[in-house]
Amino acid sequence: MKVNNTPYRTIWPASDGWAVEIIDQTKLPHHFETVRLENLTDSIHAIADMLVRGAPLIGATAAWGIALAMHENASDLALQSACEGLYQARPTAVNLRWALDEMRKVLDPLDPSSRREAAYARAMEITDDDVEISSSLGEHGSKLIKNIWEGRRRDSIVNVLTHCNAGWLATVDWGTALAPIYKAHNAGIPVHVWVDETRPRNQGASLTAWELKQHGVPHTLIADNVGGHLMQHGKVDLCITGTDRTTRTGDVCNKIGTYLKALAAHDNNVPFYVALPGTTIDWTLRDGVAEIPIEERDADEVLRIPGMCDDGVVREVLLTAEGVTAANYAFDVTPARLVTGLITERGVCAASESGLSGLYPDLA
Ligand code: MRU
């Protein structure tokens, strides 16, 4: 996608050697800065401190983290410890584990002397594949938007509600939940997006609104509690969110607050779709609520908020009285029964074991 008319991916190999570059998402929306990851430590820091975030991008960054680690030391021990370090960086997105497994499949059988080049090649492949996957997922999802539009007067707008950021910033390009929206918009279908701000880290306000604006997609930022009201008043045609981990039975783990939107959608007969690449399915799990580990982050993310002051400087402020305690659960699980369908790179299916295994018979 383009930033100020220049095409970007969220991660790319540096042109001058063994490093990768990323967009530092902690600086958005006020500053667009890129950062070089030179080694394993940089890669772990980028994932843990959310310079990169979003399940598919976390996976791609982990793959590059292994490639950079192999550049430093390609021994069995170094490979094992790089995988362990990256695996601990963030617990929820299953794409992280998937990418590490993919790297090990290639690297384990090799002599250390040939691991460096092989790791680079596989990380590049994972990165390129992610773009193809998101693009194809977008094509499938855009048909849902087109169908709604075609069932209406041609001058009407399709209103989509989304939560958090599952746009191109959460992947290598295109996005998951936003890919259908970009494809529909590019095809000339009038679409407007209700953007949940997504406290506590405000990925909706800081990232989703920023990238929709860059691409010229009409959107409106709303406080997290507004969606139910909009749905009661017929102002949402469908919801599309992303997911960080989906069980084989179609339970969906996504940014905290997704479950509440799914409940509101269910109560108001608003279709609730979740967009995901196959790499986000955790085939080992059946019960999302019981089995998916939910990341708990620093309470300061709830207690404090950064923003640009009138003097143009970004500062963080305390929202509460000194000493207030806070809990910061980063994700929740939406049971499959509340999900109308799953949008994948292989098509749209029911949020169920038979739906997913029908699309992924080779993985189920
Ligand atoms: O904590 P984050 O920003 O990494 O979480 C990402 C999300 O939860 C997104 O909503 C997204 O749906 C999943 S990644 C495409």
Quick check: anything in segment 276-296 farther than 29 Å from residue 346 by Cβ and not aliphatic (A, V, I, L, M)?
-> yes
Residue 121 is checked against (1) touching a residue at least 24 places away in the same chain (Cβ under 8 Å); (2) part of a helix (DSSP H, G or I); (3) not β-branched (Val, Ile, Thr) and fails just one. What number does that condition carry?
-> (1)
Does residue 298 fit the bill of being within 24 Å of residue 179 (Cβ to Cβ), of a type outside the set (S, T, N, Q) and surrounded by fewer than 12 Cβ atoms within 10 Å (Cβ to Cβ)?
-> no
Of the residues in segment 240-255, how many are open to solvent by 10 Å² or more (accessible area, probe 1.4 Å) and over 18 Å from residue 58 (Cα atoms)?
-> 3
Unique match (being under 19 Å from the mean Cα position of the chain (by Cα) and either among the hydroxyl-bearing types (Ser, Thr, Tyr) or within 30 Å of residue 125 (Cα to Cα) (or both)) among 351, 364 = 351
Mind checking which residues of segment 214-246 are more than 15 Å from the ligand (Cβ to nearest atom) and touching a helix residue (DSSP H, G or I) at 6+ places or on another chain (Cβ under 6 Å)?
-> 217, 219, 221, 228, 231, 236, 237
Only one residue in 195, 274 is within 14 Å of the ligand (Cβ to nearest atom), surrounded by 21 or more Cβ atoms within 10 Å (Cβ to Cβ) and free of Cβ contacts under 8 Å to residues at least 40 places away in the same chain, so which one is that?
-> 195
What are the residues in segment 305-337 that are among the hydrophobic types (A, V, I, L, M, F, W, C) and exposed (fewer than 14 other Cβ atoms within 10 Å of the Cβ), if any?
-> 308, 309, 313, 314, 317, 318, 319, 321, 324, 327
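Report those strands (runs of 3 or more DSSP E) wholly inside segment 2-67 carrying at least 2 residues which are open to solvent by less than 30 Å² (accessible area, probe 1.4 Å).
Because the criterion is at least 2 residues that are open to solvent by less than 30 Å² (accessible area, probe 1.4 Å), the strands (runs of 3 or more DSSP E) in segment 2-67 that meet it are 20-23.
The values are calculated or read from the model by the stated rules, or taken from the named source; none is laboratory data. What you see is a predicted model, and the numbers here were worked out from it, not measured in a lab. Positions of Cβ are generated from backbone atoms using ideal geometry, with glycine treated the same way; all protein chains shown enter the neighbour counts. Quick note on the areas: whole protein, heavy atoms, side chains included, nothing else; ligands and nucleic acids left out. Shrake-Rupley method; radii C 1.70, N 1.55, O 1.52, S 1.80 Å.
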